[in-house]
1. Could you tell me which of the residues B:Met373, B:Met397, B:Met404 is among the hydrophobic types (A, V, I, L, M, F, W, C), within 14 Å of another protein chain (Cβ to nearest Cβ) and buried (at least 19 other Cβ atoms within 10 Å of the Cβ)?
2. Can you go through B:Asp86, B:Asp152 and tell me which one is surrounded by 19 or more Cβ atoms within 10 Å (Cβ to Cβ) and not assigned by TED's automatic domain parsing to the domain that holds B:Pro292?
3. Just give me the residues in the range B:230-243 being in a strand (DSSP E or B) and out of contact with any Ser or Thr (no Cβ under 7 Å at 6 or more places or on another chain), in sequence order.
4. Any residue in the range A:117-136 that is assigned to a loop (DSSP other than H, G, I, E, B), in contact (Cβ under 8 Å) with a residue 60 or more places away in the chain and of a type outside the set (Phe, Trp, Tyr)?
5. Of all the residues that make up the range B:192-240, how many are more than 30 Å from B:Ala179 (Cα to Cα) and surrounded by fewer than 17 Cβ atoms within 10 Å (Cβ to Cβ)?
6. Filter the range B:332-344 down to residues that are out of contact with any Gly (no Cβ under 8 Å at 6 or more places or on another chain) and facing another protein chain (nearest Cβ under 9 Å) and give me whichever is surrounded by the fewest Cβ atoms within 10 Å (Cβ to Cβ).
7. For the condition buried (at least 23 other Cβ atoms within 10 Å of the Cβ), within 25 Å of B:Gly54 (Cβ to Cβ) and aliphatic (A, V, I, L, M), what is the one hit in B:Ile329, B:Ile320, B:Ile268?
8. Out of B:Gly202, B:Gly175, report the one residue that is in the same structural domain as B:Tyr125 (by TED's automatic domain parsing), of a type outside the set (A, V, I, L, M, F, W, C) and more than 22 Å from B:Ile99 (Cβ to Cβ).
Amino acid sequence: MPASERSWVTFTIDGLEVRAPEGEWLLDAAKRGDVEIPYFCYEPKLGAPVGACRMCMVEVEGIPKLQVSCATPVKDGMVVNTQTDRVKEAQNAVVEFLLINHPLDCPVCDKGGECPLQDITFGWGPGRSRFVEKKRNFPKPIALSPLVAIDRERCILCYRCVRFSQEVSEDYHLTFLERADHTFVGTFDGRPYVAPFAGNIIELCPVGALTSTPYRFRARPWEIEDSGSVCTFCPSQCNIKFTVRDERVERVLARQNDDVDNGWLCDKGRYGYQSVHSEQRIDQPLVRDGGMLRPASWERALRTAADGLRKAGAASGAIIGGSTTNEEGYLLQRVFREALGSSNIDSRRGGSLDPRIARMLSRPELQAQVSDLDHATVVLAVATDPLNESPIIDLRVRKAVRRFGAKLIVAAAHPTALDGGATEVLSFKPGGEEAFLRAFAKAMRQIDQSGGAEQEQPRSDRPPEEAGAPPLPGQPELLDFLDHASLDSLSELAGVVAQDVRDAANLLVGAENIVVLWGERLGDGEQGAGALAALADVALLAGLDGGRSSGLIEIPAGTNARGLREVGCLPNMGPGLSAREPGMNTAEIRGAAARGELEALYLLHADPMRNQPDRLSWEAALGNAFVVAHDQFLSESIERHAEVVFPAESYAEKEGTVTHPDGRLQRLRPAIGHPGAVRMEWQVIVELALELGLDLPYLTTGTVLAEIAEQVPFYRGASAEEIGAKGLRWPERELADEALRSLGELRFSAPSEPPPPLEPVDGRPLVVPVASLWASWETERSPALRFLSPKQELRLNPSDAKRLGITHGELARVAANGRAIHATVRLAANARAGWAYLLEGTAEDAANVLTPGGPVAVEITRVSDSEPAPNVALEAGTAGDRT
Amino acid sequence: MSTPTREGILFKHFDTPNRQRIDVYEQLGGYRALGKALTEMTADQVLKELEASGLRGRGGAGFSMGKKASFLRHGEIDKYLCCNADESEPGAFKDRELIHRNPHQLIEGVMIAAYAAGIRHAFIYIRGEYVEQAETLETAVGEASEKGYVGDDILSSGFSCSLVVHRGAGAYICGEETALLDSLEGKRGNPRLRPPFPANQGLYQGPTLINNVETLSNAPHIVLHGAEWFRSFGTEKSPGTKVVSVSGNVQRPGNYEVELGVPSRHIIFDLAGGPPPGRRIKCWFPGGSSSPVLTGEHLDLPYDFEHMAEAGSMLGSGSIIVVDDTVPILSVAMWVAKFYHHESCGKCVPCREGTNWTVQLLKRIDRGEATPMDVDLLMSVQDNIIGNCLCLLGDSMAMPISAMVKHFRPEFEEEIAVRRQAAERVFGGTGAAQAGGTGVAQEEGPDLVAAAGTVPVEGHPHEARVEEEQAPRPGEDEFD
């Protein structure tokens, strides 16, 4: 609902006077008077009601026909009856009709016991059927996809799954086929419904028609317990419920939190729980002995690790993975900073952050929250592909565009899943981020000077009382820079069309609510600092610090990236982004270790050989150093190079807090006990500290959180109780002056000419790695998801492919610097000519073999001379002739 | 072709050769109304004239056409006009002839309505099976565009409106206005929940005016001759003429243009020739297969919107289907039920399951497995459908079947008894239920039917043939 305040009305339902916001659907308004109206198809998450099931009919005085309460807005003085004979007859009729073609096989149905059809049949049905004819038959159950089974006999055709596919995930796979009682849910041509969010239809289904293949026949509702927690597979941090039976996680369901996830999950989040019970999990400490990792006692493992680290002292470094909790990260940085005297701690991969920019971007004025997307008039997504980096945000942006009419601007150096729904797509060159943002600022400035946006919208970037306030520091200099810059040359530098930039800026200038999503990779590399400064300038120029629902949301690379930064897991900043003597960042740690300058490395949930750039250099670094690893699985980094391995908890076993990218502290709660000898990770770090002579006096995660709340000014006072089930968003809290001061001030940067991006040479495309939702260990370690684990693919513009004599579906050899990988060619019309895109983090043919960081020029040759597959399809659009 | 007292409005000059060509149409005064509207009248004046004429929608609902057009929001927004030419109701074939013989009359009407409501995009959604008519229309639209009656800056008036002919894909439900919109948008044609009504949020979420072919075909005549002239036809509340499709057991089936308010008997007997000699009218549908049947006692009612509604039925699309005394009522019920079951879109529960159940019940009666209690069940199922559906399709089956049971209950009971006896003769014992179990007996049961000496219930009443020696059924001699 829009943020505008609604007026309240009084209506009468079953003789009871009830107050409700005007225009609320009667079905919801009735709940305010504790009147329950049964329904099947109504689901606010799916958008406008469809009125298909006819179950929710009520009598409204003054209207002759019964009305569907799911689509009747409540009005002042309305008199509604839900208990009259007429209503009951209609309810009985609908239930009887529904059961005509329902098999009533409840005893063998997974849904039995948690089934709305069962409940409503008991509560509102006639209790008997007069139908003695034959029911319809379908083959059953059959696979709608490898993850979802469909039983069409049980289906009551409520439309929910079809609406989800068409109106929420917008994949348009599902539809109704045939007519009348022959109608069934299916896909075109019976193709499998494999899509990133497909699993949500299981939860939406009000009967047992759509069931989870891995959960089928695993438990009955009366044998299970629900346990609320947070998914840590990606920065979306969706709220989830673990279904636990006999100390095993058997299922994951959404725990709806509209400020985080709207009640949706991606399929990785829904099925990735299987990794918890993987046979391959490390469940006891391991120590390398005679070249092999062998089981060891905790005492020995801790002692060996402490000895190695102590010996290295300050010549040690820690790489902290994104799924680490705030408590674990906080404790480890204390161990490194205090017991080892080392500041070589990093939770980012893209280089050190400029503390001033990092603090300013964290200021509450510039922060938006996820639910602000619902009120946004313009959404600008910069350097991010949410579908692959934070999938639930992708759904939220689609919702903003489809349901609330927001205008979407996508600006990225790679094709994104949101391109199709965007009003403007600006595809800049990789490395052209800063140039693009400067061009954008220039276009905004031009529009401002020519008297505002061409469209008539109220300009509300700052509250009027502040209109006369002095300009922010640095503003005159920035405006001066922009006035002397040329939009055309900046655009050309970035590789975008100036008019497109102008059109996009025109959407933004003067818009009421602007949400800017930006990918962490924007700040990667040497040019990252300049790009972040340019982003902050655009945000300030657009007045994001003023609008009520305006602001920035970062899409980070790691799940808890924001929390880890805020608790001090950075080489140059301590807890609360406080200044610290800079240590080495990830890339520097890699370089130093490879050169033999660092003696010990601690990998906390980190697999650098897979997830960091420059795999070969990492191989050398890990080979040189004494490596202590703390993880659930033996990744290549660990198996080949770790001296000591501590078994890590899975997210279902963990207690602690994580921080959502929009600043929301969320609690992880253990659903099951630890397998084998696994111990609480924060305790292991405390014990390691003790071995190193540092006494950390913590008894529970709560006491660790209490100390973090002491140390981080803007977390001050936060407690597990306050965080609760729905999280606690610190930028919304009343912050002490000291906390605000710790985040510096809002000011414009001192800009300089942006650096030029790399250009392809000699017709060799420059290759850039892009994120992939499915390229992750969760996919590989969960049997149900394994089929989605991607093979390496090379996205190419059709013109380049033609020039290289290679086409869609063919296997290519991609080589650079004497190294090569194989990748399947995918033609994409929205890929930039002269550039090519590889997936990041694949299990095989890893892109980081080729790339030492930024883009790299590659030789592309065809591997096989076999004929291209028939039915060559482009990923987007067509591209003329192909060879 | 017989016409009413005067020459008729829509069917005037219908027999002129090459009537569908634009030059012939222009010679007979065509497109003068569009010229008058665009050059001599403001859009508002045209709208007022249409409202004053009292022209009521000819597609079934009978809502004032001018009023409907006036509901559209004013201002520079994308608004749409959809002409509903998805004429698929059994018994209705008037639009087919109106398009076939005089496509330009419709095109002119579309343009006038678009001008009145400030619409710049118009569509004619034509039934998929009307292949020839769609081609005729497309040719005509091409001619009209060439002559500048359709497209940009029509007749140099500054008014522009595009016109696209879109063919349906063979679903009756797409004649329901919101399903038509979904279908036109490229989606599966399913009715939408209302509100929002199409006048507020229709095609592509824009305000949309949806009118029937016959309604729009009247517009040029109203503009040309004025609302007063139009009101001189028909009755006060149902002004104008109506093209009535008469079919079934009549000697001269066809389309007849009559003034609204003439006695129904005049249409059925004087124009369509009444049933074949020696037969009597058993029942008749006054407004297509979805209207509740009337009987012989209703033949003297004036044929207009009000009197048909008062008699418990409706004028609908104005399609009279006559059923004579040789046709068993069970056949008629089965024919209606099967059609609506086949065409139910499956979106809402009462229609989807109710049409299915009704067909199965009637089949059970036919197989000789029903008991007299099943007539009550049949009625109860109809009651559970009526008023509970998302659109009118469910009611369109339930209301005529209810009416049939109401008027011919003894015949239903007799059918049940006769067929049950026949089944027992074939299978012996206590009834057919033993033979095949409930509902799993042969689908059609031809042997049963032969044994019972009754007619097959499949297909159209026209196909029904009856044995000469068959005894009259109860209820037959009640009507003339």
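1. On the way: B:Met373 fails: buried (at least 19 other Cβ atoms within 10 Å of the Cβ); B:Met404 fails: within 14 Å of another protein chain (Cβ to nearest Cβ).
Matching residue, one of B:Met373, B:Met397, B:Met404: B:Met397.
2. Numbers: B:Asp152 fails: surrounded by 19 or more Cβ atoms within 10 Å (Cβ to Cβ).
Residue meeting the stated conditions: B:Asp86.
3. Restricting attention to the range B:230-243, the residues satisfying the condition of being in a strand (DSSP E or B) are B:234, B:239, B:241-243.
Of everything in the range B:230-243, those that are in a strand (DSSP E or B) and out of contact with any Ser or Thr (no Cβ under 7 Å at 6 or more places or on another chain) turn out to be B:Thr241, B:Lys242, B:Val243.
4. Our first condition is that a residue be assigned to a loop (DSSP other than H, G, I, E, B); within the range A:117-136, this holds for A:125-136.
From what is left, the residues that are in contact (Cβ under 8 Å) with a residue 60 or more places away in the chain are none.
There is no residue in the range A:117-136 that is assigned to a loop (DSSP other than H, G, I, E, B), in contact (Cβ under 8 Å) with a residue 60 or more places away in the chain and of a type outside the set (Phe, Trp, Tyr).
5. Within the range B:192-240, residues that are more than 30 Å from B:Ala179 (Cα to Cα) and surrounded by fewer than 17 Cβ atoms within 10 Å (Cβ to Cβ) number 6.
6. Quick first cut of the range B:332-344, residues out of contact with any Gly (no Cβ under 8 Å at 6 or more places or on another chain) only: B:332-334, B:336-339, B:341-343.
Pick out the ones that are also facing another protein chain (nearest Cβ under 9 Å) and you get B:341-343.
Numbers: B:His341: 23, B:His342: 13, B:Glu343: 23.
Looking at the filtered set, the residue picked out is B:His342.
7. Values: B:Ile329 fails: within 25 Å of B:Gly54 (Cβ to Cβ); B:Ile268 fails: within 25 Å of B:Gly54 (Cβ to Cβ).
Exactly one of B:Ile329, B:Ile320, B:Ile268 is buried (at least 23 other Cβ atoms within 10 Å of the Cβ), within 25 Å of B:Gly54 (Cβ to Cβ) and aliphatic (A, V, I, L, M), namely B:Ile320.
8. Numbers: B:Gly175 fails: more than 22 Å from B:Ile99 (Cβ to Cβ).
Being in the same structural domain as B:Tyr125 (by TED's automatic domain parsing), of a type outside the set (A, V, I, L, M, F, W, C) and more than 22 Å from B:Ile99 (Cβ to Cβ) holds for just one of B:Gly202, B:Gly175, which is B:Gly202.
The values are calculated or read from the model by the stated rules, or taken from the named source; none is laboratory data. Everything numeric here is computed off the predicted structure, so don't read it as measured data. Reconstructed Cβ throughout: ideal geometry from the backbone, glycine too, with neighbour counts over all protein chains shown.
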